[in-house]
Amino acid sequence: MFSEMLREARGLYPNLINDRRSLHGFAEVGADLPKTVAFCKERLKEIGIPSKECAGGLIATVGRGERCVLLRADMDALPVREETGLPFAAVNGNMHACGHDMHTAMLLSAAELLHRHEDRLSGSVRLCFQPGEETLSGAKSMIDNGLLDFPTPIAALMIHVIIGCDYKTGAIIIPPEGVGATGADYFSVTVKGEGCHGATPHLGSDPIVCASHMISALSSLVQRELSPDSGAVLTVGTVKAGDAPNAIPDLLVFKGSLRSCGEDDRKLLKERLFILCRDIADAFRCKASVDFFAGTPSFFNNGDLVSSCQRLFEKAEAGCIIIPERARGGASEDFSYVSRIVPSIMLAVSAGERACGYTEPLHSPFAVFDEDALAFGTAAYAAFAIEALNK
């Protein structure tokens, strides 16, 4: 099945390249992607597949019947200024540095393959083109607006390309059953002190000193609250305060991310983060407020889908890589909301082997992707859908 789909996907190579490079050139961020949505809607119309907008994204269906499989591609880019020098590089200050343009192009061509083989579908395939993955907001918003309704899918697949890896382009990487991506919570801590002259710090309440103790304490939070194999990580990424070197400011704001694998750990760490910040602020005569402004639970790979994918891709041309059970993804993925409702799996496709010069990581302004991976991802989407419906 996969080999057949791969042969046909390679026949769509001109479309794959054009779609990917067009999407790459006008990279858009967040939940509002007007050019991207319009492009995908027009391409689906050309294929002969109607679509409808949903919470900033698109939903389309191939086939018919109550047995339904969901395929998802995320569409949003990052607010990163591209430095690749590619002739089709984005020049608007955004960049598809995480490969979502690759995912979207793959799903568009997978839609064409499935439309071509509609008579082989024992049910329907719901195509989800999702915004807002980088902000961990798009999947839940689409679910709240009917993505999984009438009927609820029996299985769901998302694909993510990887680069700077040790696998040759096109290799299909299959995860173990269980947590495949950590949950994430983005937080902001505002520390309110009392500003004063830098020469008389005793006349004020210094939010910078207070926040430095908070950040130091938070750096040990995971290690002192959870077991060493918890997989949790806390990172502070931004600190902003003051404008003058000889003055103590009134206010400081720092932001970070908290990643965890289980809901109990997630709840505990959020509670302890709040308590630490509150109590340290009191000790330094400051006030602290903690806000969690985005979040997602951990992604769960379904065991039956893991097994069926191992059989489906065992003879994949570029190799089928089965990740050891002890491995666990450190990044987060808001398709986790779908995985809590529908049996789901997250496959990875190599789009750049380190030995072939693809050394930059995802999210780098210099990240370059091997476009030969496009056909492999397209074939994986299509083969998975046909196999899951006919199982």
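If we sort 190-197, 349-356, 317-324, 332-339 on the protection proxy, mean other Cβ atoms within 10 Å, highest first, what's the order?
Highest-to-lowest ranking by the protection proxy: 332-339, 349-356, 190-197, 317-324.
Peptides 52-61, 381-390, 282-291: what's the order by average Cβ count within 10 Å, highest mean first?
Ranking the peptides 52-61, 381-390, 282-291 by packing returns 381-390, 52-61, 282-291.
I need the P(r) histogram for segment 283-391: all alpha carbon pairs, bin width 10 Å from 0 out to the longest distance, whole percents.
10, 32, 34, 14, 6, 4, 1
Sequence-distant or interchain residues sharing an amide H contact under 5 Å with Glu353, placed H: which?
Hits under the 5 Å cutoff: Thr169, Tyr358.
Can you order the peptides 154-163, 20-29 by their average number of other Cβ atoms within 10 Å per residue, highest first?
Ranked by mean Cβ neighbours within 10 Å, highest first: 154-163, 20-29.
If you look at just the Cα atoms of segment 1-83, how large are its Rg and its Dmax in Å?
Expressed in Å, the Cα Rg and Dmax of segment 1-83 come to 14.7, 47.
For the Cα atoms of the chain, what angle does the longest principal axis make with the long axis of helix 263-283, in degrees from 0 to 90, nearest 10?
For 263-283 against the chain, the angle is about 20 degrees.
Could you list which residues have their amide H under 5 Å from that of Leu251, counting only those 5 or more apart in sequence or on another chain, with H placed in the peptide plane?
So Leu251 has HN proximity to Gly193, Gly242.
Can you compute log10 of I(q)/I(0) for the chain with the Debye formula, treating each Cα as one identical point scatterer, at q = 0.14 Å⁻¹?
Once normalised to I(0) and log-transformed, intensities are -1.17.
Find the all-direction average of the projected area of the Cα convex hull for segment 50-188, expressing the result in square nanometres with one decimal place.
Projected over every direction and averaged, the Cα hull of segment 50-188 covers 11.2 nm².
Under the Kirkwood approximation applied to all pairs of distinct alpha-carbon atoms, what is the hydrodynamic radius of segment 172-325 in Å?
Radius from the Kirkwood sum: 18.0 Å.
Starting at the first residue of segment 291-307, write each ³J(HN,Hα) from the Karplus equation 6.51 cos²θ - 1.76 cosθ + 1.60 with θ = phi - 60°, in whole Hz, x for Gly and Pro.
Karplus-based 3J(HN,Hα) across segment 291-307 equals 10, 9, 10, 6, x, 7, x, 6, 8, 10, 7, 6, x, 5, 6, 4, 5 Hz.
Given a cut-off of 30 Å, name the pairs among Lys270/Lys391; Lys45/Lys168; Lys41/Lys140; Lys240/Lys267; Lys140/Lys267 whose C-alpha atoms lie farther apart than that in the structure shown.
Lys270/Lys391; Lys45/Lys168
Send over a whole-number figure in Å² for the accessible area per residue of the chain, probe 1.4 Å.
Here the per-residue accessible area is 43 Å².
Given Cα pairs under 8 Å that are at least 6 residues apart, what percent is the relative contact order of the chain?
26
Where does the chain land at 222 nm, in deg cm²/dmol rounded to the nearest 500, when only DSSP H runs of n ≥ 4 count, each adding -39500 (n - 2.57), divided by all residues?
Mean residue ellipticity at 222 nm (helix-derived): -10500 deg cm²/dmol.
The values are calculated or read from the model by the stated rules, or taken from the named source; none is laboratory data. Just so we're clear, the structure is a prediction, and the values are computed from it rather than from any experiment. Cβ: placed from backbone, ideal geometry, glycine included. Neighbour counts: every protein chain shown. We work out accessible area using only protein heavy atoms, side chains counted, and drop any ligands, DNA or RNA first. Shrake-Rupley method; radii C 1.70, N 1.55, O 1.52, S 1.80 Å.
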